[in-house]
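Q: Take a look at this one; I'll ask things after.
The values are calculated or read from the model by the stated rules, or taken from the named source; none is laboratory data. Predicted, not measured: the structure shown is a model, and the values here were computed from it. Methodologically, a virtual Cβ is constructed for each residue, glycine included, from the backbone with ideal geometry; neighbour enumeration extends over all protein chains shown. For the accessible areas, the whole protein counts, side chains as well, though only heavy atoms, and no ligand, DNA or RNA atoms are used. Shrake-Rupley method; radii C 1.70, N 1.55, O 1.52, S 1.80 Å.
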Amino acid sequence: MTDKTMTPDEVVGRLRSGMTLGIGGWGSRRKPMALVRALLRSEITDLTVVAYGGPDVGLLAAAGRIRRLVAPFATLDSIPLEPHFRAARERAAFALTELDEAMFMWGLHAAANRLPFLPVRAGLGSDVMRVNPELRTVTSPYADGEEFVAVPALRMDAALVHLNRADRLGNGQYLGPDPYFDDLFCEAADTAYVSCEQLVESAEFAKAGPPQSLLVSRHSVTGVVETPNGAHFTSCAPDYERDEAFQKLYATTPWPEFRARFLSGGSEHAYQSAVRTWHEEQQ
């Protein structure tokens with residue numbers, strides 16, 4: 001079987017400007033931040049980003065890499081509204097397709113199942129239809145005649161997700177409380193890249209968690225990257241919690257200053273080193 005291990009920079013080398021890019025996780029939880037930081041070190045831009053948005057969206061928005069965002073929200077969880085997302089939207093830096101959380105999920109399901117849309121009740125009678133005039137409704141062909149929103153498939157060129165464990169073949173395991181739809185992101189994309197806290201032998205999965213924790217299957221994965229602490233500063237339970245102190249710094253520091261101190265080192269190792277130095281200064 002194929003060894004799919006890669007480096008973050010090799011993953012980014014497969015991406016191109018103008019792509020539709022899905023990013024897994026939820027808010028400030030288990031985001032593939034090492035891969036997002038690698039993306040920021042490239043010249044890739046003009047992206048359509050599909051995400052349950054968190055600091056992944058904030059970083060890409062602040063750096064001017066997003067052309068359109070498709071999302072139900074952009075939050076840091078403990079900080080309700082992602083500040084760099086907000087600043088970018090206030091200056092109309094990118095277009096926004098804002099969907100209800102359930103509509104977003106069903107859009108992922110439609111794409112994963114290679115369907116053009118799925119009929120749902122979510123969104124009816126709400127402003128989702130007003131702010132997204134391109135959305136259409138369909139009528140049931142059966143006796144009930146019920147009207148539904150036809151949620152379009154959220155098909156992506158590539159997806160980035162982060163999991164607790166993975167093997168070299170592309171199987172991925174989550175050990176925290178929630179899968180965050182990362183399996184759907186992988187299945188809805190033409191290519192999918194999984195970063196993980198630790199690469200393990202396949203036999204080790206059964207020791208770490210129950211069978212249902214094997215969230216992502218190798219058939220939907222293009223590449224695997226071992227990135228310890230790779231979700232920082234978001235949480236990756238049970239491996240580590242969110243770095244709330246650093247998240248607050250991120251949220252309150254002007255973007256040029258934050259970028260210069262933490263994102264200009266040219267590697268993930270340089271970022272992690274800069275974070276450790278900052279924490280030492282706080283003691």
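Q: Taking the chain as the reference, fit the longest principal axis to its C-alpha atoms, fit the long axis of helix 101-112 to the helix C-alpha atoms, and give the angle between the two in degrees, 0 to 90, nearest 10.
A: It is inclined by approximately 90 degrees.
Q: Another question, if that's okay. What are the extents of the Cα atoms of region 1-100 along their three principal axes, listed from largest to smallest and rounded to whole Å?
A: 45, 26, 23
Q: Which whole-number value in Å³ per residue fits the convex hull of the alpha carbons of region 68-220?
A: Dividing the Cα hull volume of region 68-220 by its residues yields 154 Å³.
Q: What list of ³J(HN,Hα) couplings, whole Hz, do you get for region 69-80 from phi and the Karplus terms 6.51, -1.76, 1.60, once you set θ to phi - 60° and write x for glycine and proline?
A: Using θ = phi - 60°, the values come out as 10, 10, 6, x, 5, 9, 9, 9, 6, 6, 10, x Hz.
Q: Starting from the Cα coordinates of region 114-203, work out the convex hull volume and express it per residue in Å³.
A: Dividing the Cα hull volume of region 114-203 by its residue count gives 162 Å³.
Q: If the viscosity is 0.890 mPa s and the temperature 25 °C, what Stokes-Einstein diffusion coefficient in µm²/s follows for region 47-108 when Rh is the Kirkwood radius over Cα pairs?
A: 215 µm²/s
Q: All other residues with a Cβ under 15 Å from the Cβ of Leu169 taken together, and with Lys, Arg as +1 and Asp, Glu as -1, what is their net charge? Let's see the in-between values first.
A: Working: positive: Lys4, Arg165, Arg168, Arg218; negative: Asp3, Asp167, Glu201, Glu204, Glu226.
Residues close to Leu169 contribute a combined charge of -1.
Q: Something else about it: For Asp190 and Arg114, calculate 0.36 nm times their separation in residues minus their Cα-Cα distance, and state this gained length in nm to one decimal.
A: Computed gain between Asp190 and Arg114 is 26.3 nm.
Q: Would you pull out the residues with amide H under 5 Å of Ala159's amide H, same chain only if 5 or more places away, H placed 1.01 Å from N?
A: Gly22, Thr191, Ala192, Tyr193
Q: Given a Förster radius of 35 Å and the C-beta distance between Leu175 and Arg14 as r, what FRET efficiency does 1/(1 + (r/R0)^6) yield to the nearest 0.05? Could the numbers behind the result be given before it?
A: Details: r = 27 Å, r/R0 = 0.78.
Computed FRET efficiency for Leu175 and Arg14: 0.80.
Q: In debye, nearest 20: dipole of the chain around its Cα centre with unit charges on the Cβ of K, R (+) and D, E (-)?
A: Rounded to the nearest 20 debye, it is 560 debye.
Q: Post the alpha-carbon centroid distance, region 199-224 to region 1-56, in whole angstrom.
A: Region 199-224 and region 1-56 have Cα centres separated by 20 Å.
Q: Starting from the coordinates of the alpha-carbon atoms of region 192-254, obtain the Kirkwood hydrodynamic radius over all distinct pairs and give the value in Å to one decimal.
A: Averaging 1/r across every pair of different Cα atoms and inverting gives 13.8 Å.
Q: With θ set to phi - 60° and the Karplus curve 6.51 cos²θ - 1.76 cosθ + 1.60, what are the ³J(HN,Hα) couplings of region 85-93 in order, to the nearest whole Hz, using x for Gly and Pro?
A: Using θ = phi - 60°, the values come out as 4, 4, 4, 5, 5, 5, 9, 6, 6 Hz.
Q: Using a 1.4 Å probe over the heavy atoms of the protein chains, calculate the carbon and sulfur portion of the accessible area of the chain as a whole percent. Each step should come with its number before you reach the end.
A: On the way: 6410 of 12540 Å².
After summing per-atom areas, the C and S share lands at 51 percent.
Q: Before rounding to the nearest 500, sum -39500 (n - 2.57) across all DSSP H runs of length at least 4 in the chain and divide by the residue total; then give [θ] at 222 nm in deg cm²/dmol. Please report the intermediate quantities before stating the final value.
A: Values: 11 runs with 87 residues, N = 283.
The helix-only estimate for the chain comes to -8000 deg cm²/dmol at 222 nm.
Q: If I model a spin label at Glu201 and Glu43 as a point 7 Å from the Cα along the Cα→Cβ vector, what separation in nanometres do I get?
A: 4.5 nm
Q: Along its principal axes, what span do the Cα atoms of region 154-222 show, with the longest given first and each in whole Å?
A: Cα spread of region 154-222 along its principal axes, largest to smallest: 34, 24, 17 Å.
Q: Can you give the extra length, in nm with one decimal, that the chain gains between Asp3 and Gln282 once fully stretched, where that is 0.36 nm per residue apart less the Cα-Cα distance?
A: Working: separation 279, 0.36 × 279 = 100.44 nm, distance 4.17 nm.
Here the answer is 96.3 nm.
Q: Kirkwood hydrodynamic radius, the chain, all distinct C-alpha pairs: what's the number in Å?
A: For the chain, the Kirkwood estimate is 19.3 Å.
Q: Gln198: net charge of surrounding residues, Cβ under 15 Å, Lys/Arg +1, Asp/Glu -1, itself excluded?
A: That works out to -2.
Q: Here is a follow-up. Give me the net charge for the shell around Arg14: Cβ to Cβ below 11 angstrom, other residues only, Lys and Arg +1, Asp and Glu -1. The partial results should precede the final answer.
A: Values: positive: Arg16; negative: Asp9, Glu10, Asp157, Asp190.
Around Arg14, the charge tally is -3.
Q: Please list, in order along region 124-135, the HN-Hα scalar couplings obtained from phi with the Karplus expression 6.51 cos²θ - 1.76 cosθ + 1.60 (θ = phi - 60°), rounded to whole Hz, x for Gly and Pro.
A: 5, x, 10, 6, 4, 5, 6, 7, 10, x, 6, 5
Q: Taking amide H atoms as placed 1.01 Å from N in the peptide plane, list the residues 5 or more away in sequence, or in a different chain, whose amide H sits under 5 Å from that of Thr97.
A: Sorted by chain and number, the residues that satisfy this are Leu69, Val70, Ala71.
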